[in-house]
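One structure below.
The values are calculated or read from the model by the stated rules, or taken from the named source; none is laboratory data. Bear in mind that the values here come from a model prediction, so they are computed numbers and not experimental data. Here Cβ is always computed from backbone atoms with ideal geometry, including for glycine, and neighbour counts include all displayed protein chains. The area values use the complete protein model at the heavy-atom level, side chains included, leaving out ligands, DNA and RNA. Shrake-Rupley method; radii C 1.70, N 1.55, O 1.52, S 1.80 Å.
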Amino acid sequence: MKLNIKKFNGNYKVVSRKSSPLTVNLSVFFFLFSFLSFAQVTSSIDTTKIRIGEQITYQVKVEADTTDLVVFPEGQTFMPLEMIESYKIDSTKNNSKFQLIKKYALTQFDSGAYIIPKQKIVIGTKTYFTDSLRVEVQTIPVDTTKQKLFDIKPMITVEKASSKWWLYVLLGLLILGLVAFILYWFIWRKKPLTEEEEIALLPPYDRAKMALKKLDESDYLQKEELKDYYSELTFIIRKYLDEKVYDRALESTTDELIDRLSMLRDANQIELSNDDIKNIETILKRADLVKFAKSAPDIELAKLDRNTIDIEIDQVKEALPEPTEEEKLLDEQYRDEQERKAKRKKIWLTVAASVLILIATFVGFGVKYGFKYVVDTIVGEESKELLEGEWVRSDYGVPPIMISTPVVLERINIEIPEELKDKIENTSFRFLSDEAGIDIQVSTTKFNYTDEEKEQALSEEGKTRELLAASEKYIQKLEADGATNITVKREQFITPNAAEGFKTYGTMMLSNDGDDTPANYNIILFKAENVRQQIILQWRGGNTYTNEMMERVLKSIELKKLEEE
């Protein structure tokens, strides 16, 4: 009975079959067919041993029909060796066949044994792979009799590179300072008063006196503009009376105003004499004749009327009763209330302006970077902070697994059954964040095989069977932990430095306090000699940041051999 690995609907399964003559013949047929197909592509190198920095010429020879399109590898596909030059294709024709020769110059600057990985060649619609080739890079011998030797330098302390958090803090403080300055300048600052505003703050009496002085400084009388002169003069006395005696003095006619003053005098509310009221009446009526009847009094009479108005303003002030303590208190309360209203107005303006600035800032950054990204930045979304933080690239286990992660993985202890402790050695590392919803595990398992087990385990069939069994065991563990609706996909996994592994991945539903949460998983397995290396990634689905994180982790996986250390 022989075991055969087959793929059904994206899954690898182990099936058994018996050998038969027909099966053997078919196997020989397919072997020969594949051999003939593979003979179209050959690869070679001009040397298998070089010194550090020397070049190897890697040659790919292809025989193809004249109608076939041939695509050769380009770029750094020869890692761990570095391609330094790609030469032009040399072509020759032989009957209906083309022979194409493509050469590459490769090098390596570290000593050790390296494997040039298989190269992919596309001919028409078919894909072919070259053989992998082994190259030794040797160090340059040093003649210690001629070269001076020096002591090993002591270790020095290197300061950790400072992050740029202070720059963001400084930028934030500058923005807050700018906003505070704008609010202070336009809302809270005591603005310098204009001349009109300063006059408006004076008491009515002082305002009336100042208005008379400004009238004296005008040139109405020099230009004999008596209409404008009397208009200003009567406005001064009417404005004063409107504010201190009768609040309709400005819109009242002359007769209405005089009648009102007489009534107030008769009611003992103002101590004005008949002469005072008569003087005010005379000037007001003369002003009416000037404004409406085009009367033209003498300039000296106009000056006399101005002086009379000045005297009558003084008389009205003296005639007004002194305010009571209650009136003074009400007036003070009124001023306090006005100040509180002004302060409340400034506070509301400040709040409204701050809200508008915040909304405008949020919308601006949202349009540029996306609203979800801005919200996650404000609330401090854990997975976003891990993705954008300073990542760590490190080696784990022996042989080393090199991987980049948001934080350093911590060593964990895996309980090994007592009966397996002599057969298995395990080192494991892990980072688990429930808040971000990610789980990263890296482990290396070393098997102490017997001679019989070793022969079977190290065969290609044995390796494949072991990797399949390991992935199935993990899926069973997921089911035991309560995962449901698990989808399983399998495919080959190749690291950037051409290490070949086996990847099992898919989706599932995790039970969380009665709610089902979608999640993803990846199991990457490698087998070499008596060591199995394993990387397990598990994360919540539907989160852009965790998806990007795991994609970055996957792309960073590399295997290092001990001689590469």
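Can you pull out every residue in segment 472-503 that is in a helix (DSSP H, G or I) and farther than 18 Å from Ala519 by Cβ?
Selection gives Glu472, Lys473.
List the number of the failed condition for Ile475; all other conditions in (1) without any contact (Cβ under 8 Å) to a residue 40 or more places away in the chain; (2) β-branched (Val, Ile, Thr); (3) within 30 Å of Phe371 (Cβ to Cβ) hold.
The one condition Ile475 does not meet is (3).
Hey, does segment 329-352 have a residue that's farther than 30 Å from Leu525 by Cα, part of a helix (DSSP H, G or I), in contact (Cβ under 8 Å) with a residue 12 or more places away in the chain and open to solvent by 40 Å² or more (accessible area, probe 1.4 Å)? Walk me through it before giving the result.
The initial filter retains those residues of segment 329-352 that are farther than 30 Å from Leu525 by Cα, namely 329-352.
Remaining after also requiring part of a helix (DSSP H, G or I): 329-352.
If we keep only those that are in contact (Cβ under 8 Å) with a residue 12 or more places away in the chain too, we end up with 346, 349-350.
Add one more test, that the residue is open to solvent by 40 Å² or more (accessible area, probe 1.4 Å), and what stays is 346, 349.
Yes, segment 329-352 contains at least one residue that is farther than 30 Å from Leu525 by Cα, part of a helix (DSSP H, G or I), in contact (Cβ under 8 Å) with a residue 12 or more places away in the chain and open to solvent by 40 Å² or more (accessible area, probe 1.4 Å).
Pull up segment 450-476, narrow it to residues that are in contact with a Lys or Arg (Cβ under 8 Å, 6 or more places away or on another chain) and not hydrophobic (A, V, I, L, M, F, W, C), then point me to the one that is modelled with the lowest pLDDT.
Lys463
Considering only residues that are open to solvent by less than 100 Å² (accessible area, probe 1.4 Å) and not basic (Lys, Arg), which ones fall in segment 179-193?
Val179, Ala180, Ile182, Leu183, Ile187, Trp188, Leu193
Tally the residues that are within 18 Å of Lys555 (Cα to Cα), open to solvent by less than 50 Å² (accessible area, probe 1.4 Å) and not polar (S, T, N, Q), restricting the search to segment 379-395.
5
Looking at (1) without any contact (Cβ under 8 Å) to a residue 12 or more places away in the chain; (2) in contact with a helix residue (DSSP H, G or I) (Cβ under 7 Å, 6 or more places away or on another chain); (3) open to solvent by 40 Å² or more (accessible area, probe 1.4 Å), find the lone condition where Phe362 falls short.
(1)
In segment 239-272, which residue that is touching a residue at least 40 places away in the same chain (Cβ under 8 Å) and open to solvent by 20 Å² or more (accessible area, probe 1.4 Å) is nearest to the chain's Cα centre (by Cα)?
Only one residue fits best here, namely Lys244.
Is there any pair with a first residue in segment 403-418 that is free of Cβ contacts under 8 Å to residues at least 12 places away in the same chain and open to solvent by 80 Å² or more (accessible area, probe 1.4 Å) and a second that is part of a loop (DSSP other than H, G, I, E, B) and of a type in the set (Val, Ile, Thr) whose Cβ atoms are under 9 Å apart and which are 6 or more apart or on different chains, and what are they?
From segment 403-418, no pairs qualify.
Considering only residues that are at pLDDT 85 or above and of a type in the set (A, V, I, L, M), which ones fall in segment 72-91?
Scanning segment 72-91 gives Leu81, Met83, Ile84, Ile89.
Within segment 45-109, considering only strands (runs of 3 or more DSSP E) that don't extend past its boundaries, which have at least 1 residues that are open to solvent by less than 70 Å² (accessible area, probe 1.4 Å) and acidic (Asp, Glu)?
Passing ranges, in order: 55-65.
Would you mind telling me which numbered condition in (1) surrounded by 15 or more Cβ atoms within 10 Å (Cβ to Cβ); (2) over 34 Å from the mean Cα position of the chain (by Cα) Val442 fails?
Evaluating Val442 over (1) surrounded by 15 or more Cβ atoms within 10 Å (Cβ to Cβ); (2) over 34 Å from the mean Cα position of the chain (by Cα) leaves (2) as the failure.
In segment 465-476, is there at least one residue being closer than 30 Å to Gln119 by Cα, open to solvent by less than 30 Å² (accessible area, probe 1.4 Å) and among the aromatic types (Phe, Trp, Tyr)?
For segment 465-476, residues closer than 30 Å to Gln119 by Cα, open to solvent by less than 30 Å² (accessible area, probe 1.4 Å) and among the aromatic types (Phe, Trp, Tyr): absent.
How many residues, within segment 273-299, are open to solvent by 90 Å² or more (accessible area, probe 1.4 Å) and not in a helix (DSSP H, G or I)?
2
Considering only residues of segment 490-505 that are within 33 Å of the chain's Cα centre (by Cα) and under 15 Å from Leu468 (Cβ atoms), which is surrounded by the most Cβ atoms within 10 Å (Cβ to Cβ)?
My answer is Thr504.
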